[in-house]
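Worksheet: the structure to be examined is printed underneath.
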Amino acid sequence: MTRKRVAVAGASGYAGGEVLRHLLAHPDVEIGALTGASNAGERLGVLQPHLVPLAERVLVETNLDTLGGHDVVFLALPHGQSGAIAQQLQAQDPSTVVIDCGADFRLQDAEEWTRFYGGDHAGTWPYGLPELPGQREQLRGATRIAVPGCYPTVSTLTLAPAIAAGIVEPDVVVVAASGTSGAGKAAKPHLLGSEVMGNASAYAVGGSHRHTPEITQNLTGVLAEATGRKVTVSFTPLLVPMPRGILATCSARVVDGVTADDVRETYVKAYADEPFVHVLPDGLWPQTKSVTGSNAVHVQATLDEAARRLVAVGAVDNLAKGTAGAAVQCMNLALGLDEGTGLTTIGLAP
Ligand SMILES: NC(=O)C1=CN([C@@H]2O[C@H](COP(=O)(O)OP(=O)(O)OC[C@H]3O[C@@H](n4cnc5c(N)ncnc54)[C@H](OP(=O)(O)O)[C@@H]3O)[C@@H](O)[C@H]2O)C=CC1
Ligand SMILES: CC(=O)N[C@@H](CCC(=O)OP(=O)(O)O)C(=O)O
């Protein structure tokens, strides 16, 4: 096939850089415009020295003139910045595939958007988590895709089998530890090395994190429709001193009669045909380093018999399957390519 011409907006940031790292390994694309904001005019090699083949490329401004005319445009911009440019791109050419790595188009409920993000809701696009029931079909041939948040990706995939199978009450607890790249590249006081190194801290405690409604939306979506219930999610994020990765520990009360074998069978069966979700062998528990740089999510689950709770743990690389890998997986579906083109399940060790 003719190679698709792809632009990346926000190429100086963490997510944009990781999209480019993935695209450089993709045989069916040609990298077009690379845009930034404060760094427009700078060479990419100065900002993203690991992207050696693109070192001499110069960042241009983020607008319709620079991003128009491509087959695919990835938006890796701060929240609230995608709506206007996405609208312009699709007005210019409705066949352009626009893939938003930000949160602007993820939520279905406009009120929830305003409550957690502020401002007006830009709209709702097909949600880029193909592993959700029925979702892969929504993404094939799509021209607009909302890439999930990093915490929602791992939390959803870690809990969805149990919720869908009805082996737990729809009332879940997620405590997830993230590396610092999840917060982006822009300087923030709580991300200074002296604050982060040798430290672990909780933040956005008490249901205030903006990923809470997204996890709730996803898990409610997999709950059997007939129940007519909504999943309740208590989500607590933790910041830990590592550059990449999220480890999510999830739990929920199991319904009467559920055994440890039921839990294992539920998870093994749910992900038997999923190329990027790996249920670890019995007794092995996910760790972030095993998924570093890879598009895999590692999952394990068991029954805490005394507490009658499911305990499920998931690991993801927030920048890979948690953002850029998912974005490329979705692009593949949108373009009718093999879903795994340019992606790997192989992590780094040690
Ligand atoms: N980091 C992560 O793990 C994840 C990030 N995401 C999402 O990806 C998006 C980007 O995040 P991330 O890469 O971490 O953030 P960064 O802060 O690292 O990068 C932000 C990028 O956006 C550009 N930018 C900033 N302001 C504007 C603006 N007003 N108009 C156009 N471009 C602008 C910056 O350009 P410049 O540097 O030139 O100023 C930079 O390229 C966010 O929406 C985030 O939610 C999603 C999942 C996970
Ligand atoms: C460690 C850290 O700060 N993580 C970020 C979330 C990660 C992210 O990028 O989420 P979006 O895709 O929705 O932007 C946070 O908690 O705000």
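Listed here are the residues, each with its yes/no results for (1) open to solvent by 20 Å² or more (accessible area, probe 1.4 Å); (2) within 13 Å of ligand 2 (Cβ to nearest atom); (3) within 18 Å of the chain's Cα centre (by Cα); (4) more than 18 Å from Asp71 (Cα to Cα).
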position: Ala103; (1), (2), (3), (4): no, yes, yes, yes
position: Ala110; (1), (2), (3), (4): yes, no, no, yes
position: Trp113; (1), (2), (3), (4): no, yes, yes, yes
position: Tyr117; (1), (2), (3), (4): yes, yes, yes, yes
position: Asp120; (1), (2), (3), (4): yes, no, no, yes
position: Glu137; (1), (2), (3), (4): yes, no, no, yes
position: Ala146; (1), (2), (3), (4): no, yes, yes, no
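Leu75: within 16 Å of ligand 2 (Cβ to nearest atom), of a type outside the set (Ser, Thr, Tyr), modelled with pLDDT of 95 or more and out of contact with any strand residue (DSSP E or B) (no Cβ under 6 Å at 6 or more places or on another chain), yes or no?
Working: within 16 Å of ligand 2 (Cβ to nearest atom): yes; of a type outside the set (Ser, Thr, Tyr): yes; modelled with pLDDT of 95 or more: yes; out of contact with any strand residue (DSSP E or B) (no Cβ under 6 Å at 6 or more places or on another chain): no.
So Leu75 fails the test.
Please determine whether any residue of segment 186-203 is surrounded by fewer than 13 Cβ atoms within 10 Å (Cβ to Cβ), closer than 22 Å to Ala307 by Cβ and in contact with a Pro (Cβ under 9 Å, 6 or more places away or on another chain).
Yes: segment 186-203 contains one or more residues that are surrounded by fewer than 13 Cβ atoms within 10 Å (Cβ to Cβ), closer than 22 Å to Ala307 by Cβ and in contact with a Pro (Cβ under 9 Å, 6 or more places away or on another chain).
If a residue has to be assigned to a strand (DSSP E or B) and open to solvent by 40 Å² or more (accessible area, probe 1.4 Å) to count, how many in segment 243-257 make the cut? Before you say what the answer is, go through the steps one by one.
Quick first cut of segment 243-257, residues assigned to a strand (DSSP E or B) only: 246-254.
Subset that is open to solvent by 40 Å² or more (accessible area, probe 1.4 Å): 247, 249, 253.
Qualifying residue count for the region: 3.
Contact list please: Cβ distance under 8 Å, first residue in segment 87-105 and more than 16 Å from Met331 (Cβ to Cβ) and assigned to a loop (DSSP other than H, G, I, E, B), second residue of a type in the set (Asp, Glu) and near ligand 2 (Cβ under 10 Å from one of its atoms), pairs at least six apart or on different chains.
The qualifying pairs are Ala103/Glu214.
Evaluate segment 309-332: report whether one residue or more is in a loop (DSSP other than H, G, I, E, B), open to solvent by 30 Å² or more (accessible area, probe 1.4 Å) and in the same structural domain as Thr249 (by TED's automatic domain parsing). Show your work before the answer.
Of the residues in segment 309-332, the ones in a loop (DSSP other than H, G, I, E, B) are 317-319.
Remaining after also requiring open to solvent by 30 Å² or more (accessible area, probe 1.4 Å): none.
Checked segment 309-332: no residue is in a loop (DSSP other than H, G, I, E, B), open to solvent by 30 Å² or more (accessible area, probe 1.4 Å) and in the same structural domain as Thr249 (by TED's automatic domain parsing).
Within segment 229-248, identify whether any single residue is free of Cβ contacts under 8 Å to residues at least 12 places away in the same chain and not acidic (Asp, Glu), and answer yes or no. Walk me through it before giving the result.
Quick first cut of segment 229-248, residues free of Cβ contacts under 8 Å to residues at least 12 places away in the same chain only: none.
No, segment 229-248 has no match at all.
A quick yes/no check of all residues on (1) of a type in the set (Ser, Thr, Tyr); (2) farther than 30 Å from Ser194 by Cβ; (3) buried (at least 17 other Cβ atoms within 10 Å of the Cβ):
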residue: Ala260; (1), (2), (3): no, yes, no
residue: Tyr267; (1), (2), (3): yes, yes, yes
residue: Pro275; (1), (2), (3): no, yes, no
residue: Val279; (1), (2), (3): no, yes, yes
residue: Ser294; (1), (2), (3): yes, yes, yes
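Among the residues of segment 148-173, which ones are assigned to a helix (DSSP H, G or I) and not β-branched (Val, Ile, Thr)?
Those that are assigned to a helix (DSSP H, G or I) and not β-branched (Val, Ile, Thr): Cys150, Tyr151, Pro152, Ser155, Leu157, Leu159, Ala160, Pro161, Ala162, Ala164, Ala165.
Looking at Ser208, Ser234, can you tell me which residue is surrounded by fewer than 20 Cβ atoms within 10 Å (Cβ to Cβ), in a loop (DSSP other than H, G, I, E, B) and modelled with pLDDT of 95 or more?
Ser208
The values are calculated or read from the model by the stated rules, or taken from the named source; none is laboratory data. The structure displayed is predicted, hence computed values, not measured ones. FYI the Cβ positions are ideal-geometry reconstructions off the backbone, even for glycines, and counts take in every protein chain you see. Each accessible area value is taken on the protein alone, full model and side chains, heavy atoms only, with ligands, DNA and RNA left out. Shrake-Rupley method; radii C 1.70, N 1.55, O 1.52, S 1.80 Å.
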